[in-house]
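All of the numbers you see were taken from the coordinates with simple rules; none came from a lab. Predicted model, so just to flag it, every value in this text is computed and none were measured. Note that we place each Cβ from the backbone using ideal geometry, even for glycine, and neighbour counts take in every protein chain shown.
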Amino acid sequence: MKATELLRNQHQQLEALFEPIEGAEGKESRALVKELATALVAHLLIEGEIFYPVAEESLAATTEVRRSYEEHALVEFMLQKLLKTDPGDPGFHARASVLRELFQRHVREEEDDLLPRADREIDEGRLEELGKQMEARFKKIQGQHADNLGFDGIEVANGSIAGRVAEPRVRALNRKTYQLAETGGSDAHFLPVIGSAYTSYPGRTAAELRRAIEDRTTRGKRDSSRTSRPCASDQSSRSSIATR
Ligand SMILES: [Fe+2]
Ligand SMILES: [Fe+2]
């Protein structure tokens, strides 16, 4: 399928996901917003990562593409706001409807300008090839999107050496793609390592922790002074044996 056709189809599918949110309430609304978020984030990412750079180069559409990136940022901002809003909150439907309007406006611009220009000016074989690439990337992002699997949090801080090496990448990925609640865990098999990584949140009780995870206000932290090097390497080898 041509990239332009894929994007038009996704616009329609996304519009269909917005529709039922307007009349939904409670738990159903939360599930619908999560479903929309998974597809919307993946759509914005394949455009931003694959289609826009090609459009910028092949259509000399630098101004339009820059505007589009800004509009994506607005859509993402509003989506984050909506994801953080309890469906019982009086602002929930207002936020859902502003998000839908922002999305529709952006889609109109793409469908009135960038997509027809791409159809006219980019070779059909190239559009097919881009379509394949974007479809594969879309599926991969959706598969990775933890919301889709019902995860609320992601461990960004871990006491092991492997955890420390992966930390910047995991944090960046979470900031950019997942936007899940951060957690930290020492994953300790040795006494001195216990507490080397932990989850901080406002409050003290399990209910407050749950609330913080839902609100995405937890922080995954690491205290390097609690980790002695030899112990950390023992810790890492034992974890890798245990998880093999
Ligand atoms: Fe877009
Ligand atoms: Fe789009």
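Straightening the chain between Lys84 and Val98 buys 3.6 nm, computed as 0.36 nm per residue apart minus the Cα-Cα spacing. So if I take the centroid of the Cα atoms in segment 175-216 and the same for segment 68-110, what is the distance between those two points in Å? Result: 28 Å between the Cα centres.
Computed from the C-beta positions of Glu22 and Leu173, the FRET efficiency with R₀ = 25 Å rounds to 0.20. Normalised by the number of residues in segment 3-91, the average gap of Cα pairs under 8 Å and 6 or more apart makes the relative contact order 36 percent. Given their separation in residues at 0.36 nm each and the Cα-Cα distance between them, Ser200 and Glu15 gain 62.8 nm when the chain is fully extended. Simple rule: put +1 on each Lys or Arg Cβ and -1 on each Asp or Glu Cβ in the chain, find the dipole, and look at Ala157, Ala96, Thr4; the Cα lying farthest toward the positive end is Ala157. Extension gain for the segment Asp112 to Gln142, taken as residue separation times 0.36 nm less the Cα-Cα distance, is 8.1 nm to one decimal.
Among the listed pairs Lys81/Lys139; Lys84/Lys221; Lys81/Lys176; Lys27/Lys139; Lys27/Lys176, those with a Cα-Cα distance over 18 Å are Lys81/Lys139; Lys84/Lys221; Lys27/Lys139; Lys27/Lys176. Using C-alpha pairs below 8 Å separated by at least 6 residues, the relative contact order for the chain is 19 percent. With bins 5 Å wide beginning at 0, the percent of Cα pairs of the chain falling in each bin runs 1, 6, 12, 14, 15, 13, 11, 9, 8, 6, 4, 1, 0, 0. Along the chain, the longest continuous region that contains none of the GluC sites (Glu not before Pro) in a DSSP loop with at most 13 other C-beta atoms within 10 Å is 26-244.
FRET efficiency for the Glu5 to Phe77 pair, using the beta carbon distance and R₀ = 25 Å, is estimated at 0.30.
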